[in-house]
Amino acid sequence: MSEKSIFTKIMEGEIPGDIQYEDDDCIVLKDISPQAPVHLLIIPRKPLVRIAEMSEADQPLIGKLLWIAKQMAAQFELEEGFRIVINNGPFGGESVPHLHVHLLGKRPLKWPPG
């Protein structure tokens with residue numbers, strides 16, 4: 001990535017973000033344009049652009065992002081159900097070129113999503 005993403009700027013304290021969780025590998029933010037009552041973003045600190053560009057070495061990190069999503073679902077009491085989304089590329093709905101996992105819940109979610 002040549003330019004810092006908005007997520008990197010938040011992680012570096014350049015701009016504010018509503019951080020719900022953080023550790024050495026990732027942060028969790030509330031989405032600034034929520035599509036559900038609970039809409040969190042689980043973001044790796046490593047600036048991966050998208051799933052299609054990850055390497056085999058990134059598998060443990062991607063697994064951890066999903067584990068953190070599960071933990072956040074429990075913390076935000078999403079026992080009735082939730083959706084996990086990872087957008088990839090323009091046709092996949094990607095708006096920020098920094099891989100992130102969306103966790104959505106607290107309302108019925110329709111299918112297909114888009």
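Here are a few things to note about the model shown:
- Counted over segment 43-112 with a bin width of 10 Å, the fraction of Cα pairs per bin, in whole percents, is 19, 46, 31, 4.
- Projecting the Cα atoms of Ala73, Ile51, Tyr21 onto the dipole axis of segment 6-105, where Lys and Arg carry +1 and Asp and Glu carry -1 at the beta carbon, places Ile51 farthest toward the positive end.
- Dipole magnitude of segment 6-105, debye to nearest 20 (Cβ charges: Lys/Arg +1, Asp/Glu -1, about Cα centre): 180 debye
- The longest stretch of the chain left intact once loop-based GluC sites (Glu not before Pro) with at most 13 other Cβ atoms within 10 Å are removed from consideration, loops following DSSP, is 15-76.
- Fluctuation leader among Ile42, Ile51, Ile68 - the chain, Gaussian network, Cα springs under 10 angstrom: Ile51
- Helix 59-75 axis versus longest C-alpha principal axis of the chain: approximately 40°, rounded to the nearest ten.
- Value of [θ]222 nm, deg cm²/dmol, for the chain, DSSP H segments ≥ 4, -39500 (n - 2.57) each, nearest 500: -6000 deg cm²/dmol
- Hits among aspartates and glutamates - C-alpha to C-alpha of Lys64 under 12 Å, sequence gap 8 or more where chains match: Asp23, Asp24, Asp25
Any read-out appearing in this document is the output of simple, stated calculations on the displayed coordinates, not a laboratory observation. In this text the structure is predicted, and so the values were computed from the model without any measurement. Virtual Cβ from ideal backbone geometry, glycine too; neighbours counted across all protein chains shown.
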